[in-house]
Amino acid sequence: MGFPAVPRLNGNACQLLRVTCGDGLTVLLLSASTLIGVVSARAESCPTAKDDIATDRPDVTNSSLVVPAGSLQSENGVNFSSRDGGRSFDGTNTRWRLGVAPCLELLVDVPTYVASVRAPGNSGFTDVTPAVKWQISPIPGKIDLSFVSGVALPTGRAEIAGRGAQPYVQFPWSWELRDGWGLSGMLTEFFRPSDVTSKRITETTFVIEKKLTEKFSLFTEYVGDYPEGGSPSQLWNSGGLYQLSRTQQVDFHVAFGLNHNAPNYIVGIGYSFRIDGLFAGTRSSRGDQSLLAP
């Protein structure tokens, strides 16, 4: 689950979740070439088209699982938020994820438009942010772990997305417990070479999730952003998701700031879907690749 590496809580009210860049594109390409060389050894343990959809939303913590090879996944959402007396709306928070090999995906966060509904606040687009994700897991103890490397390219408005290219590295993990309970979390390092006040932000998250039925689950999550040389921003985020089918999901979340550096509140909803069997040899043995597959 999750709302992205690059934030799902986008925009003015959610600047704590913006990612970062410098020579980040070089880092991203080097990471991709390295991961491709080792990914085949883990192929037997990674998701296939027969598995249910697993998204990077609606929580901030991203899924520890990659998209199946040959599958294209679209994750989308809108948020309404408040900060320092201002109100803003942002959407769509869209992430495209493509499984290019077993245990390996390419993803991109497309620009989101942030609209200031009530001052103070700015309006404009966020950055476009490509990334690569490698599923390292499973490791002993049934803990799933992935590595993500990406970079926010300076295509958006600086007042919304920040200045310059901003790379990040990320480690989402998850641990399935008994009776539908699960724990997950994520460690992210955002690098902001063009920022004069804070060159690096460390973000930590922790999630408790409960699966109530085969299709419906709830979660609660702590999100903490710790800028180098600055005061932290802390957020409590809760919500749920419902699987319409094996390849479709709707979700919601409500977040509240825990200190003065965080947004007052954020309310959001989303819809995600997956299309399987795009590459030769990746079609499900079920022979059913429709968007509405049960």
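The values are calculated or read from the model by the stated rules, or taken from the named source; none is laboratory data. Nothing here was measured: the structure is a model prediction, and the numbers come from that model. Because the Cβ atoms are built from the backbone with ideal geometry, glycine has one as well, and the counts that use them run over all protein chains shown.
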- Task: Would you mind telling me which numbered condition in (1) under 23 Å from Ile266 (Cβ atoms); (2) touching a Leu at 6+ places or on another chain (Cβ under 7 Å) Ser245 fails?
- Result: (1)
- Going through (1) more than 30 Å from Thr48 (Cα to Cα); (2) surrounded by fewer than 22 Cβ atoms within 10 Å (Cβ to Cβ) one by one, Ser238 fails only at (1)
- Message: Just checking, does region 72-85 include any residue being touching a Cys at 6+ places or on another chain (Cβ under 8 Å), at pLDDT 95 or above and either closer than 30 Å to Ile160 by Cβ or among the charged types (D, E, K, R) (or both)?
- Response: yes
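Among the candidates Pro193, Pro263, single out the residue that is in a loop (DSSP other than H, G, I, E, B), crowded, with 23+ Cβ neighbours inside 10 Å, touching a residue at least 40 places away in the same chain (Cβ under 8 Å) and not charged (D, E, K, R).
Numbers: Pro193 fails: crowded, with 23+ Cβ neighbours inside 10 Å.
The conditions single out Pro263.
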- Note on the structure: The correct count of residues that are over 22 Å from the mean Cα position of the chain (by Cα) and either modelled with pLDDT of 95 or more or polar (S, T, N, Q) (or both) in region 194-206 is 3
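Residues that are among the aromatic types (Phe, Trp, Tyr), surrounded by 19 or more Cβ atoms within 10 Å (Cβ to Cβ) and in contact with a strand residue (DSSP E or B) (Cβ under 6 Å, 6 or more places away or on another chain): find the strands (runs of 3 or more DSSP E) completely inside region 101-161 holding 1 or more of those.
Details: elements: 104-109, 113-118, 129-135, 143-152.
Here the list reads 129-135.
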- From the list Phe256, Phe273, Phe252, Phe219, which one is in a strand (DSSP E or B), surrounded by fewer than 17 Cβ atoms within 10 Å (Cβ to Cβ), in contact (Cβ under 8 Å) with a residue 40 or more places away in the chain and among the aromatic types (Phe, Trp, Tyr)? Phe252
